[in-house]
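Worksheet for the structure shown next.
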Amino acid sequence: MGILDAEQTDSGVSVVLGRHGSSTPVMGAGAGPDTTAVATIHGDGVVVYDCDAQTKTRSWAVGRGHAFAAPAVFDRGCGRYFAALLPPGETDPALVTWTDADPIASLDQAVDASSTRLPDGIAALVAVGEGNDDGGVIVVDVGGGARWFGADARKLAASAPPGEGGGVDAEKKKKKTGSASAKRVAETCGEANGGGGVVVVTADRSNADVRTVTLYEVTGGEHGGRSVKTAWEFEASVPEGASRAVAVAGGTDDACVMWSNGVWRAYTSHNDESRMRTLVTAGGANETPGAAGKRAGGKRGAAIKVDNNFAVLPAASMASLGGGFYAVAQVGPGCGGGARIAVFDSKYGCVHSCTETHPGSSGGGDAAGGVRIAALPGVDGDGDPRLVVAIAGEVAMAQVSVPGPTVTLLDVLGRLNLAAGPDGPAGPAIKVLGMANAREASKPPQYSIYAPKFPAPTPRPTDPHAPPLDGIIDLGDPVENGWWGPDPAAEKMAEDVVNKFHGDEPLTAGEAAEMLDRYKTDEHVDVPPAVLAAGIEGCLRRQLWAPLRALVDEGYLTHSCQAPGLASTLIAAGRFADLDAFLRLGDDVDGADIRACLEVFLDENSQVPVKAIEEVSARQVKFATDAVARAERLTSAARTAKERHALSAASTAKAALHRARIATAAVEAFDGMPRAPLLHALCARPLCPEYATAALPDLPPASAARLVRYLSVWLEAYSGFGAAGSGPIDGGGDDEPSLFGIPALREVVAWAGAVIDAHFTAFAMNSTAGGDEEQHEATATLRRAAARLQAGCASVGRVNGALVHVRDGAPLPENQGVQSSTYSIELVDW
């Protein structure tokens, strides 16, 4: 999918909440109570910042000799802080918890003999959040397993090891990864969208080509079985050039992984990598220093030194913004001297905005310091989400821009203009991906393109006793095209036909018809596109009207795009009957042809032979005569019908009478409009807004007034027939003649609305200031007819209850000797 976009290139803002220096590096930061952020400072403690006031509100020291094994978190579900501390000389972190009300100044006061220990080591602490009523914290161990601890820091439940989650593809995963007890190591993890879970990426040391991505969710509560279940699990192949995953985020519907080679991938289908979205970022240092090995803890490991290695931030970080949007932070070259935060979406794989915490600066964070981001609850006054950013020795807050609450196709299309450069709407994509990667990612999906060609001829056998050649059967392979039939000489014949039509040699109408008719057999009713296009062009250029009319009547010439300028050519040649046939039978008549017709039909100075109008009118007269005869026959039959068929016969006769009135109106109602027969077929066509815009605004005022006058006659005719006049007027049965070429009420209303919209000022000024009497009378007639139709619609609304009753087939109320004030039994005459 294309890479996109933002209203402006740097649409976010950032502010530094606190600076801590290189001697006390920031390990991470996350959301705190209300509108605060919680930062963990290695060698110092936990600090709470008010994001609205941008001030430090309080802090807790880590304690002498103690160190953090992972950044501390605040759980909004139970309202408590959690931290994993390494006491001096020990290898198993202790899980501690406290609140704002606890009277402790140093966290080491919460560590005692009864504290919960984490002997399996720790990769991260993730708050349960509001995804579960019990709240608590999820501890991800170095092997990628997840354990749920409650508000009292006691274990509530534990997950199955990664790769053994029991998902739908569990058996397949076990076969791929080998033994169920294969040694794994957690590479990265992130909070699940909406809380209540964690997404973990683990590496199997026996298979370096894939990583296992697992979503763990906590379920149950005080009165139900608590558990940490595997919501989904899939294997992701490692991109070429990547050594590990450095960041992950996801939820029930998708997962996103940032790899160490700068490749970002969104997996919208957990079992089909062909549907994933891929972006290749430019700049940034994506390989976390000292990433290999355990973070802390492990009984079988050697004693772990308490040093700055615990404080290493990842080189990239990711946070979910909801609605399919993800914030991706990187540091290093091209990131403005601090962190670069881009907003991607997992649905289309697009860049929507880009924000730098230190734009244009060479200071701030650096590649060695890394970055960690987390989403803050709520949004700012403009509706944009806010992030807390931990970078080197600083804690910052950044506001990023997203198009809306959920990603839509409208957010993705229409604004990519790489030619405008970094200052244009595609600036974020160019800044984050680089021009080359942005251009590559913006290419549309590539599909196989088949260039039609004639199949190679097959020589006929010379042996008279040889079996006949098998016919070419179209099984879906474009090469074996059924157009050519079993005759191998058909290819040469088709080439000759195309060359003759495109050539300058003279052709007669009979010769052209014979060349086209040879393809209209029982087996092959479709003329090959190359032959059809050449035939239409050749006949139109040579003015061979008979074969051209045959193509219209038989449904081969149905669109204006097949013969550009067809209407103008037929008008210039005086072929109005042929034009009428195309207007009646064609599937698509474009704005240019509609405009050409209106300019001639409505301009009294244009030359239209009387004989041509009579030829078109003759068809309409014949139809009206047949419709009247049929209505009289059905009316007579309805009078003599048996009682059980009386209602049906009367309804049929009524419909036939309506059709006869409409057909008669097309012939007799347009006194003083000799060219009305030409307009019938044109105005019977649905008018789309694009074609109306191309055809109507440039009409001269006099022509527009004549068109309104013509349409007002139709509205008068329909409004005089009651509700029956609003229905469709196409053929209603096998023996019922079709009314193709006569405008239905819906088309009359659409055309009238379009012409009034296109010439609104002229009509409005004419109505208020007198103006042309013909135009004034036409608009007055429109108003009268519209008022009658509106009154008819209002009368239908009064019987809406009865109509619903009949539509639903509801039973009539029983007569139990009591007059009901709610129901009355009526006969509805349809």
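Values quoted throughout were computed directly from the atomic coordinates according to the rules given, and no laboratory measurement underlies them. What you see is a predicted model; the values in this text were computed from it and never measured. All Cβ positions, glycine included, derive from the backbone under ideal geometry; neighbour counts span all protein chains shown.
Given a Förster radius of 22 Å and the C-beta distance between residue 607 and residue 673 as r, what FRET efficiency does 1/(1 + (r/R0)^6) yield to the nearest 0.05?
0.80
Please tell me which of these pairs span more than 24 angstrom C-alpha to C-alpha: 500/520; 622/642; 183/347?
From 500/520; 622/642; 183/347, over 24 Å: 622/642; 183/347.
Can you work out the PRE-style zone for residue 702? Point 7 Å along Cα to Cβ, and I want the residues of the range 606-638 with backbone N under 20 Å.
Counting backbone N atoms under 20 Å from the label point, the list is 606-610.
For the range 602-705, state which GluC sites (Glu not before Pro) are in a DSSP loop and have at most 16 other beta carbons lying within 10 Å of their beta carbon.
Here the GluC sites (Glu not before Pro) that fit, given the DSSP loop and packing criteria, are 604.
Given the convex hull over the Cα atoms of the range 527-633, what projected area results after averaging over all orientations, in nm²?
8.1 nm²
Full-extension gain between residue 622 and residue 112, please, as 0.36 nm times their residue separation minus the C-alpha to C-alpha distance.
In short, 173.1 nm is gained.
Efficiency by 1/(1 + (r/R0)^6): what FRET value for residue 50 and residue 408, r their Cβ-Cβ distance, R0 = 25 Å, to the nearest 0.05?
0.10
List the trypsin sites (Lys or Arg not before Pro) in the range 29-136 that DSSP assigns to loop (not H, G, I, E or B) and whose Cβ has at most 12 other Cβ atoms within 10 Å. Which are they?
64
Please give the contour-minus-distance gain from residue 274 to residue 693: 0.36 nm per residue of separation, less the Cα-Cα distance, rounded to one decimal in nm.
Extra length from residue 274 to residue 693 when fully extended: 146.6 nm.
Extension gain residue 183-residue 210, at 0.36 nm per residue separation less the Cα-Cα distance, in nm?
Here the answer is 8.3 nm.
Taking 60 Å as R0, compute the FRET efficiency from the Cβ-Cβ separation of residue 23 and residue 133 and round it to 0.05.
It comes out at approximately 0.90.
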